[in-house]
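These notes are about the structure you will find just below.
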Amino acid sequence: MSTDWRPPPPLPPSSPERVRGVLGGSLLYDQPALAAERARLEAFIAGPEPLGVEVGFDHGMRILERARRQPDWRWLGVEIRRARVDAAAPHAPENCLLWRADARAVFAALLPPGRVSLVEVYFPTPTENPRHLLWTPGFVDAVGRALAPEGRLVVVTDVEGLHEHVGALLQGWTEAEEPPAAGALSRRERVCRRDGLPVYRRCVSPPSVTR
Ligand SMILES: C[S@@+](CC[C@H](N)C(=O)[O-])C[C@H]1O[C@@H](n2cnc3c(N)ncnc32)[C@H](O)[C@@H]1O
C-alpha cells in the first residue's frame, strides 16, 4: 500500500447525475434492461427501517455480521466487483442486499434524499486514476444528500494522504460518535491489526446546507 498517496488531478466537472468515470455510465440505471435490478433496490430500501450502506464491502464480512446483529435495520452493500458480490450474496440475511454497482452512481441517482442513517467506507482504494476516484466533491455532496440530518458517515483508511484528502472534502461536516463496532473486521482491517499499521478514522454528520 502506497504511504505517500496524493489525489489524482480532478476530472472536468459534470452535472450531479452524470458522474464521470462511473462503471457503465452514471445513467446506467435509466436503461430498460436494468429496470428489474433498479426495482429490486427500490423495494429493498422502501421499508420503514433505518438503512445502513457499506461501500466496497469486498468479502462482506462486516456487513453480513452487522445485518445479523442488527435485524431491525436494513443493510445495503455496494461493491463494484461482480465476483465478490456473487460470492457473498448467498450468505445475506433478509435484511441485507448485496448489490453490484458503482457507489458513485448509487448515491448520485438511486438513494432518496435523507433515506440513509449510516454510510461506512472501510479502506477505500487509493487509486491514482482520476476516473476511478471515489472521493470527489460530487460524491461527498451525494452522500450528504442521501444521509438523514442525524445520519453518520464513517471513513477508515490506513493511507494518511487519503485520510487528509477525505478530511479536506468533509470540511463543514460535524464530528460525530462512531456507531458500535460491526462485530467482524474487514479484510484490510485484519491485515492492519496483524501488522500493527496505523489506521485513520473519521465519523461525521452532514452539514445542513447539503440537503
Ligand atoms: C481496498 S478495498 C477494501 C475492501 C474492504 N472494505 C476492506 O476493508 O478490506 C476497496 C474495495 O472497494 C471496492 N470499490 C472501489 N471503488 C468502488 C466503487 N466506486 N463502488 C463500489 N465499490 C468500490 C473495491 O472493489 C474493493 O472491494
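The values are calculated or read from the model by the stated rules, or taken from the named source; none is laboratory data. What you see is a predicted model; the values in this text were computed from it and never measured. With ideal geometry, Cβ positions are generated from the backbone for all residues, glycine too; neighbour counts draw on all protein chains shown. These area figures cover heavy atoms from the full protein model, side chains too; ligands, DNA and RNA do not enter into them. Shrake-Rupley method; radii C 1.70, N 1.55, O 1.52, S 1.80 Å.
Here the 3J(HN,Hα) profile of the range 148-153, calculated from phi with Karplus coefficients 6.51, -1.76 and 1.60 at θ = phi - 60°, is 5, x, 8, x, 10, 10 Hz, Gly and Pro shown as x.
Result for the chain in a Gaussian network model with C-alpha springs under 10 Å: among LEU76, LEU11, LEU185, the largest mean-square fluctuation is at LEU11. Simple point charges give the picture: +1 on the Cβ of Lys and Arg, -1 on the Cβ of Asp and Glu, and for the range 22-131 a dipole about the Cα centre of about 80 debye.
Among ASP30, ASP102, ASP195, the largest mean-square fluctuation in a Gaussian network model of the chain, built with springs joining Cα atoms closer than 10 Å, belongs to ASP195. Annotation: amide H of GLU54 within the under-5 Å range of LEU76, GLY77, VAL78, GLU120, sequence separation 5 or more or interchain, hydrogens built in the peptide plane. Selection among ALA184, PRO198, LEU170 by position relative to the dipole of the range 28-210 gives ALA184 as farthest towards the positive end (Cβ unit charges, Cα centre).
By definition, a body whose alpha carbon gyration tensor gives a ≥ b ≥ c is rounded when a/c is under 1.5, and the range 31-144 falls into this rounded group. Of the residues HIS165, HIS91, the one with the largest accessible area comes first in the ranking HIS91, HIS165, computed with a 1.4 Å probe on protein heavy atoms. Within the listed set GLY114, GLY60, GLY77, the Gaussian network model of the chain (springs between alpha-carbon atoms below 10 Å) gives the highest mean-square fluctuation for GLY114.
Once you have the Cα-Cα distance between ARG38 and HIS132, take 0.36 nm times their residue separation minus that, and quote the gain in nm to one decimal. So the extension gain works out to 31.6 nm.
Shape class for the range 91-211: rounded, because the ratio a/c of the largest to smallest gyration tensor axis (alpha-carbon atoms, square roots of eigenvalues) is under 1.5. When you restrict to C-alpha pairs under 8 Å that are six or more residues apart and normalise by the size of the range 168-211, the relative contact order lands at 63 percent.
Placing unit charges on the Cβ atoms of the charged side chains and taking the dipole of the chain about its Cα centre, the candidate lying farthest along the positive direction among ALA109, LEU133, PRO32 is PRO32. Put a plus charge on the Cβ of each Lys and Arg, a minus charge on the Cβ of each Asp and Glu, and nothing anywhere else: the dipole of the chain about its Cα centre is then about 320 debye.
In square angstrom, what is the accessible area per residue of the chain with a 1.4 angstrom probe? Before the final figure, lay out each step's value.
Working: 10510 Å² over 211 residues.
Using a 1.4 Å probe on heavy atoms only, each residue of the chain averages 50 Å².
Centre-to-centre separation between the Cα atoms of the range 170-211 and those of the range 30-96: 20 Å. In the chain, Cα pairs under 8 Å separated by at least six residues give a relative contact order of 25 percent.
Please figure out what share of the DSSP beta bridges in the chain is antiparallel and state it in percent, rounded to the nearest 5. Let's see the in-between values first.
Values: 7 of 28 bridges.
Antiparallel: roughly 25 percent of the beta bridges in the chain.
I need the shape label for the chain. Rule: rounded when a/c is under 1.5, else prolate if a/b > b/c, else oblate, with a, b, c from the alpha carbon gyration tensor. Rounded, because the longest to shortest axis ratio a/c is under 1.5.
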